[in-house]
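Worksheet for the structure shown next.
The values are calculated or read from the model by the stated rules, or taken from the named source; none is laboratory data. Because the structure is a prediction, the values reported are computed rather than measured. Counting neighbours? That spans all protein chains shown, and the Cβs are built from the backbone with ideal geometry, glycine included. Remember, those area values only see protein heavy atoms, side chains included, never the ligands or the DNA or RNA. Shrake-Rupley method; radii C 1.70, N 1.55, O 1.52, S 1.80 Å.
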Amino acid sequence: MSWFPILLVIHICLAVALLAPSLLLPFLLRRVEGRGAAAPHPVVRALMAMQGSGGLVIGLGLALTGAALVAILGIELLSQPWLLVALGLYAANLLLAAFVARPNLRRLLRIGGQGDGGDEAWRRRARQQRYVAYAMAAAIGVIGLLMSTKPDLW
């Protein structure tokens, strides 16, 4: 039995799960926090937990499955231009999530009290956060295209 298909599915799921909170929370929080709801939906709570402490565990699993895939397919795979571009885009996406999206989501969750601009400040920050999520989703789409077509880039 080949472990490749199983590892590949696990690797892809972990790669998406690592970025999912930064992609989905700007849209889900709009419905929950923007209307002043008392308790967030269970999906929102799960994404917020993944955003906090779950990222390290998911990242470790992603690194392990990636190393296992390279071990199965061979080290020469790392010289493929399409893979290098895809890995670069994924790294840029992770940096965007870590240094832009996550801190802004934390600020977004704190907005709503007295003296911080209230609903208007929340809407402005949420709109900015959704634009960041759109950019991250576009990068993930390009990564998926590169992985599925494996173009000859250079």
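Laid out as a table, the results:
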quantity: Subset of the stretch 1-48 [at pLDDT 80 or above, small (Gly, Ala, Ser) and exposed (fewer than 12 other Cβ atoms within 10 Å of the Cβ)]; calculated: Ser2
quantity: Verdict on Phe27 being assigned to a helix (DSSP H, G or I), aromatic (Phe, Trp, Tyr), touching a residue at least 12 places away in the same chain (Cβ under 8 Å) and closer than 17 Å to Ala133 by Cβ; calculated: yes
quantity: Among the candidates Leu64, Leu94, Leu89, Leu84, residue that is in a helix (DSSP H, G or I), open to solvent by 70 Å² or more (accessible area, probe 1.4 Å), closer than 29 Å to Tyr131 by Cβ and of a type outside the set (Val, Ile, Thr); calculated: Leu84
quantity: Some residue of the stretch 134-141 being over 24 Å from Pro5 (Cβ atoms) and in contact with a Lys or Arg (Cβ under 8 Å, 6 or more places away or on another chain); calculated: no
quantity: Residue match in the stretch 69-80 (condition: under 30 Å from Met1 (Cβ atoms), open to solvent by less than 60 Å² (accessible area, probe 1.4 Å) and not in a helix (DSSP H, G or I)); calculated: yes
quantity: Hey, Asp119 acidic (Asp, Glu), open to solvent by 60 Å² or more (accessible area, probe 1.4 Å), out of contact with any Pro (no Cβ under 7 Å at 6 or more places or on another chain) and not in a helix (DSSP H, G or I) or not; calculated: no
